[in-house]
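Please treat every number below as a calculation from the coordinates, not as lab data. Given the structure is predicted, the values throughout are model-derived calculations rather than measurements. Counting neighbours? That spans all protein chains shown, and the Cβs are built from the backbone with ideal geometry, glycine included.
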Amino acid sequence: MAAEKMALAKAINESLRRALESDPKVLIMGEDVGKLGGVFRVTDGLQKDFGEERVIDTPLAESGIVGTAIGLALRGYRPVVEIQFDGFVFPAYDQIVTQLAKMHARSLGKVKMPVVIRIPYGGGIGAVEHHSESPETLFAHVAGLKVVSPSNAEDAYWMMQQAIQSDDPVIYFEPKRRYWDKAEVNREAIPGPLHTARVVREGADLTLAAYGPMVKLCQEVADAAAEEGRSLEVVDLRSMSPVDFDTIQASVEKTRRLVVVHEAPVFLGSGAEIAARITERCFYHLEAPVLRVGGYHAPYPPARLEEEYLPDLDRVLDAVDRSLAY
Amino acid sequence: MTESTAARKPRRSAGSKAAGTTGTKADTTGAKRTTRTTRTTRTAANKAPETELVQLLTPEGERVGTAKNSPYAEYASFVDGITPDELRGLYRDMVLTRRFDAEATALQRQGELGLWASLLGQEAAQIGSGRATREDDYVFPTYREHGVAWCRGVDPTNLLGMFRGVNNGGWDPNSNNFHLYTIVIGSQALHATGYAMGITKDGADSAVIAYFGDGASSQGDVSEAFNFAAVYNAPVVFFCQNNQWAISESNEKQTRVPLYQRAQGFGFPGVRVDGNDALAVLAVTRWALERARRGEGPALIEAYTYRMGAHTTSDDPSRYRHDDERAAWEAKDPILRLRRFLEAENHADEGFFGELESESEALGKRVREVVRAMPDPDRFAIFENVYADGHALVDEERAQFAAYQASFAEAEGV
């Protein structure tokens, strides 16, 4: 049948394959994406089947990769660019912020930038420095970019299809510690809009909002809380720019409490913006201030310390307790 | 035809071979030099750049480099058949571009423009290279390529919107294959390279030309563009106008080697041309574009020229350079030398020069009138074209902004 159980990484691979098959203008570019199939094998087998002209091993220069992708987009191509790891995106940050994000506006709408930038992100895999970061806010802050992150295989598949079809640049953050998590993927489904949030678990007492790798954690938190008789709702935000505030608002108007969870540092993170907006929108519904759980204002720590840095079951439950105590 | 044999060989070896044949003496012996002698070479290069230049018209307007055994015969062959009409065309382009540029500077002084980046002195580099492009070629400019824009048929008044502050680029890049001005230094070299990679994928025989300056040569993006272009054998010509000054920083603050020699390390030819000689620039750019079209990959042209004016109208060059330097370059003026040649060859008469004078004044007047009439954009333009497919936050903020604006109307109504 149309539905098939597959790992999140495989779902992205299948989605890229479908895009390469259905649109000759789609290109894959990045370091080691060809022969090797990417360091996480997300592009495995694509160069073999679509050739070096469409699945392009690039020189090791991130600014060069994004800069030439912009040029290819100007020529009518739809490049899907891989940045090998989150912490390696910064050489390309200038091209992304000053050129990719602004080209459509600069041209008064005459030029479109259908470029997808894939970034495996987040920690929890015991990696060395620069391999575990969550820089999504640095992109969500930039007008002209759209920023999304799937939390499961089916979303990974469909959100990639939609990102590639978008005429705007999309930064597609891949939760690398969930790459091997399997789920049903229905390749004939009719997906909802790319930038809507989804209630993945209904609850009555408090809303947990998260995206990417933290959605699974929040579901585990909800399970643990249920054992203590507390009913938590979990919202998978899916999109960090734009953020679907309506869905969060509807949930908070019901539960009257909100905890936002992300791996990225709490300070000026997505949670800060969500807290501010939800406070504006739901001031009279809230029983407690919006709380945030996330990374600290410190460099991402060495692997032996990352469990102390990353939000985990207990830290989220602690925030839930604090919220419910108001 | 040039290098037709090398063209069939593997890309990288073809590139490096070509670099050897098109370079200069400093090129071919550079590898054997010690650090100390390299330094000597650099000093010598800076003191006597003329010895390295491809030049077809001397500052006195004398046609040179035509002999079959001339080291520049290969390039000269690209303008062998140039007609008096074409020569007059180059002259006309330069004069009108200079007139437009002067008008823009004046409009800035009158408060009509917020800023202007003058091309004064660089007319030959821009017109010579711009006229070498074919209609289907694509141009990636900096923010000073007013002469190239002219060659591509972009209405010069469209260039002024961003300098007046009514937009950030007021023309459709695809209607003239002339990309928007890029202000971040060197970024466009990568866009040009990517575009050229796309041309190859399309199986087309168009070429791309990327403009940048001596300051941009220090940018990582320019080096990355060189490398991507070489690795993918992209049909892109890197056109560096070395106007000697990156705002206040001289060449010596940018490079230890003559810039055209950078190409050799990336595996493609580099050539330094007299950037004030429109004929030589036309020839060398045609050569580079033609070889790109034939699949021979990128080339670097260093047009050796001089920024006669300030970096922009906000700059004060008296703080960092002497007038005598400017005076020395004035003697090599690009327009004057072509005029001398046209006159000596009887290719142009007083009637031609007189008519051009009136045409210049008419252009200046039109530019003045258009700029003065250029309206401020509607305030809601802030929210236009942020995204192609829309964005919920932009919609929300536009609505809030509209409500805020409307509150004034209501207040006035009371």
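A few notes on this one:
- Charge dipole of the protein assembly as shown about the Cα centre (unit charges at C-beta), most positive-ward option of A:144, B:237, B:140: B:237
- Toward the positive end of the charge dipole of chain A, with +1 on the Cβ of Lys and Arg and -1 on the Cβ of Asp and Glu, the farthest Cα among A:249, A:85, A:109 is that of A:109.
- Rg/Rh (Cα only; Kirkwood hydrodynamic radius) as it applies to the stretch B:130-229: 0.96
- Taking every DSSP bridge with both residues inside the protein assembly as shown, close to 20 percent are antiparallel.
- Other protein chain Cβ atoms within 10 Å, averaged over every residue that makes up B:181-192: 5
- Considering every alpha-carbon pair of chain A, the percent of pairs per 10 Å bin, from zero through the bin containing the longest distance, is 6, 27, 34, 23, 9, 1.
- Cα centroid of the stretch A:78-133 to Cα centroid of the stretch A:9-43, whole Å: 16 Å
- Proximity of backbone amide H atoms, modeled 1.01 Å from N, is registered between residue A:240 and A:147, A:148, A:149 at under 5 Å, excluding neighbours fewer than 5 places apart on the same chain.
- Mean separation of Cα contacts under 8 Å, 6 or more apart, over the residue count of chain B: relative contact order %: 23 percent
- Here the Kirkwood formula, the inverse mean of 1/r across different C-alpha pairs, assigns the stretch A:3-186 a hydrodynamic radius of 16.1 Å.
- When chain A is treated as a Gaussian network with alpha carbon springs shorter than 10 Å, the biggest mean-square fluctuation among A:49, A:244, A:168 belongs to A:49.
- A Förster radius of 35 Å, combined with the Cβ-Cβ distance separating residue B:253 from residue A:297, puts the computed FRET efficiency at roughly 0.40.
- Over all directions, the projected convex hull of the C-alpha atoms in the stretch A:198-324 averages 7.2 nm² in area.
- Under the span-like rule (Cα at least 20 Å along the axis, Kyte-Doolittle mean at least -1.0), DSSP H helices of chain B: B:84-109, B:187-202, B:278-293, B:350-373, B:392-413
- Assigned charges on the beta-carbon of Lys, Arg, Asp, Glu; the stretch A:3-186 dipole about Cα centre (debye): 440 debye
- GNM flexibility winner over chain A from A:63, A:134, A:107 (Cα, springs under 10 Å): A:107
- Residue A:3-residue B:168 FRET efficiency (beta carbon distance; Förster radius 51 Å; 0.05 resolution): 0.60
- Summing charges over neighbours of residue A:67, with a neighbour being any other residue whose Cβ is under 11 Å away from its Cβ, gives -4 when K and R count +1 and D and E count -1.
- Charge dipole magnitude, Cβ of K and R +1, D and E -1 - the protein assembly as shown, Cα centre, debye nearest 20: 2120 debye
- Sites listed here are GluC sites (Glu not before Pro) in the stretch A:179-267 whose DSSP assignment is loop and whose Cβ has at most 16 other Cβ atoms within 10 Å: A:188, A:202, A:228.
- Amide H contacts under 5 Å for residue B:56, placed H, 5+ residues apart: B:280
- Normalised by the number of residues in chain A, the mean separation of alpha-carbon contacts (under 8 Å, six or more apart) gives a relative contact order of 16 percent.
- Net charge, residue B:404 excluded, C-beta distance under 12 Å - Lys, Arg +1, Asp, Glu -1: 0
- Residue B:66-residue B:378 pseudo-label distance in nm [points 7 Å out on the Cα-to-Cβ vector]: 6.0 nm
- Whole-angstrom Cα spans of the stretch B:4-373 along principal axes, big to small: 57, 43, 43
- The stretch A:196-271: chymotrypsin sites (Phe, Trp or Tyr not before Pro) falling in loop per DSSP and having at most 16 other Cβ within 10 Å: A:267
- Count, lysine Cα pairs under 28 Å in the stretch A:3-186, 8 or more residues apart or across chains: 29
- Share of alpha-carbon pairs per 20 Å distance bin for the protein assembly as shown, given as whole %: 16, 42, 29, 11, 1
- Reducing the stretch B:129-201 and the stretch B:328-376 to their Cα centroids gives an inter-centroid distance of 23 Å.
- For chain A, a crude dipole built from +1 on the beta carbon of Lys and Arg and -1 on the beta carbon of Asp and Glu, taken about the Cα centre, is about 960 debye to the nearest 20.
- Looking at chain A alone, DSSP beta bridges between its own residues are antiparallel in about 25 percent of cases.
- When you filter the trypsin sites (Lys or Arg not before Pro) in the stretch B:327-365 for DSSP loop state and at most 15 other Cβ atoms inside 10 Å of their Cβ, nothing is left.
- Highest-fluctuation residue, A:57, A:223, A:155 considered, GNM on chain A with Cα pairs under 10 Å: A:223
- Here chain B carries DSSP beta bridges of which approximately 10% are antiparallel, counting only pairs with both residues inside.
- Summing charges over neighbours of residue A:6, with a neighbour being any other residue whose Cβ is under 11 Å away from its Cβ, gives -1 when K and R count +1 and D and E count -1.
- Lys/Arg +1, Asp/Glu -1 at C-beta; chain B dipole; positive extreme among B:295, B:261, B:173: B:261
- Label-to-label distance, nm, for residues given as residue A:220 and residue A:129 (7 Å Cα→Cβ offset): 2.9 nm
- The count of lysine pairs in chain B whose Cα atoms are under 18 Å apart, excluding pairs fewer than 8 places apart on the same chain, comes to 6.
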